[in-house]
Amino acid sequence: MTPSTTSRNRIGARIRNVVIPLAFWLGVWQLAALWVGKQLLLPGPLAVAARLWELAGTAVFWRSALMSLGRIFGGFAAGAALGALLAALTCAQPWAGRLIAPAVKVIRATPVASFIVLVLLWAPTGRVPAVVSALMVLPVLWGNVCKGIGQTDPKLLEAAGAYRFSTGKKLRLIYVPCALPYVASGCATALGLAWKAGVAAEVLCQPALAIGKELYRAKITLDTPALFAWTAAVIALSFVLEYALGFLFRRWGKEARV
Amino acid sequence: MISVSDITVCFAEKTVLDGFSLAVPEQGITALSGPSGCGKTTLLRVVAGLQKPQAGTASLPGPVSLLFQEDRLLPWRTVGQHITDVLPKARRGEVGRWLELVELAGEQARYPAQLSGGMGRRLALARCLACGGALLLLDEPFAGVDAQRAGRILARIRALGTPVLLTSHQEAVLSRCDRVLALEGPPLRQKNR
């Protein structure tokens, strides 16, 4: 197979897997908008694209998007790190597991709205989305890392003991590579949750520059195309972050041959 | 002398070692031969301290290094890294020497998935030898390795001067050892005793 044939096949696959489904759903959306016939209830994709283009020309759009990205990614990173750390502790010490497991289960079962209202009482407005995102991410990463550590081949650990590996070496050469696929899958799931919870927190607590605040403003001014445009911005940012993380894990996994 | 006295190991209902005793000189290569499942691997694991016996004691000259029955290689580490991982910092320069000993020189950058079964076995052997100790316990060290190569490697292991206790089914390997203990079981016992 020549390089040009491979490239043509790749383009064909991209059209089949991405362009055609996207065009189909945009068409469905446009038809539904035409059928409803009221922009206030359901604006069409063209109206939303026009509003998004308009918003993208303002500084507030980019500053709000960047601030939301910073808050939510910060919360995601903190939640992921803490979840992984607590998972390591849970697996290393049975007493820690007995203490941590119920607390994490309570966090997992608590409604996001309860957390938002509670954290709003305890933390400055700007930090609430980050804290809430972290709380959503923590149980997912904790569960996945625990599972990854639990799946570590005991024969490899026995060999590491027989060859006198230190604890740090065992962690670096055995536990981390074994847990990496579980961490990657947990991050992909948790990232979506972080965006959902983070933006919901921004809507409720209204920090200075935030996508959530703009969503709320669009709701009270009945600017439905803007509501859709800001939502599209959230989806785009979430995709970009998911792609970046996926790229990072693929590269890391490739280097580690996991 | 390297000795184990009155070792008893039971797994559920099955007694693998029942008051087994063995003494081998602290030099040369001693081979344990016997049918599969007779308890040779369990005996090596007891000597290595990985299997706690229900009864009995082992007297060893110092720390031991065990080659497991399976290769137990890390799929994400290269051939060279497998050796570096078991060497202290001051001996990191020895990687080439250990790989040459098992005839894997030039394969340092490859990963276990890129090795044949015999090459993987030799890598596992090199790692065990590099880890070192006062006694080498080698469980089927030449499984999947051709007889000529096994003979050459065994000669190099002998030259290290460390006492070796190995298990093997290969006649070509057994014939090159200083002494061969024929075993049967379970429970493990020396033949003709």
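Structure summary
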| item | result |
| --- | --- |
| Estimated distance in nm for a label pair at residue B:97 and residue A:242, the labels positioned 7 Å out from Cα along Cα-to-Cβ | 5.4 |
| Per residue accessible area of chain A, 1.4 Å probe, in Å² | 57 |
| Principal axes of region A:44-257: Cα extent on each, largest first, Å | 68, 38, 25 |
| Gyration tensor (Cα) of the protein assembly as shown, equivalent ellipsoid semi-axes in angstrom | 62, 26, 18 |
| Other protein chain Cβ atoms within 10 Å, averaged over every residue that makes up B:69-75 | 4 |
| Set B:14/B:52; A:170/B:89; A:147/B:52; A:155/B:52 screened for pairs whose C-alpha atoms are more than 19 Å apart | A:147/B:52 |
| Rg in Å to one decimal, and Dmax rounded to a whole Å, for region A:1-132 via C-alpha atoms | 23.2, 63 |
| Interatomic Cα distance distribution for chain B, bins of 10 angstrom, percent | 9, 37, 35, 17, 3 |
| Cα→Cβ-extended label distance, 7 Å offset, between residue A:172 and residue A:46, nm | 6.0 |
| Span from the region B:9-41 Cα centroid across to the region A:25-88 one, whole angstrom | 68 |
| Sites residue A:38 and residue B:70 - FRET efficiency at Förster radius 60 Å, r taken between beta-carbons, to 0.05 | 0.30 |
| Efficiency of FRET from Cβ geometry, residue A:232 and residue B:81, R₀ 51 Å, rounded to 0.05 | 0.65 |
| Once exposed loop GluC sites (Glu not before Pro) are cut out (DSSP; at most 15 other Cβ, 10 Å), longest piece of chain B | B:71-193 |
| Low-density loop positions, chymotrypsin sites (Phe, Trp or Tyr not before Pro), region A:1-101 - DSSP coil, at most 16 other Cβ in 10 Å | none |
| Solvent-accessible area lost in complex, 40 Å² minimum, residues of region B:85-101 relative to chain alone, 1.4 Å | B:85 |
| Pairwise FRET efficiency - residue A:109 versus residue A:24, Cβ, R0 = 45 Å, nearest 0.05 | 0.75 |
| Rough spin-label spacing in nm, given labels placed 7 Å along Cα→Cβ, for residue A:95 and residue B:89 | 3.3 |
| Whole-percent carbon and sulfur share, accessible surface of the protein assembly as shown, 1.4 Å | 63 |
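The values are calculated or read from the model by the stated rules, or taken from the named source; none is laboratory data. Bear in mind that the values here come from a model prediction, so they are computed numbers and not experimental data. Methodologically, a virtual Cβ is constructed for each residue, glycine included, from the backbone with ideal geometry; neighbour enumeration extends over all protein chains shown. Note: areas computed on protein heavy atoms with side chains; ligands, DNA, RNA excluded. Shrake-Rupley method; radii C 1.70, N 1.55, O 1.52, S 1.80 Å.
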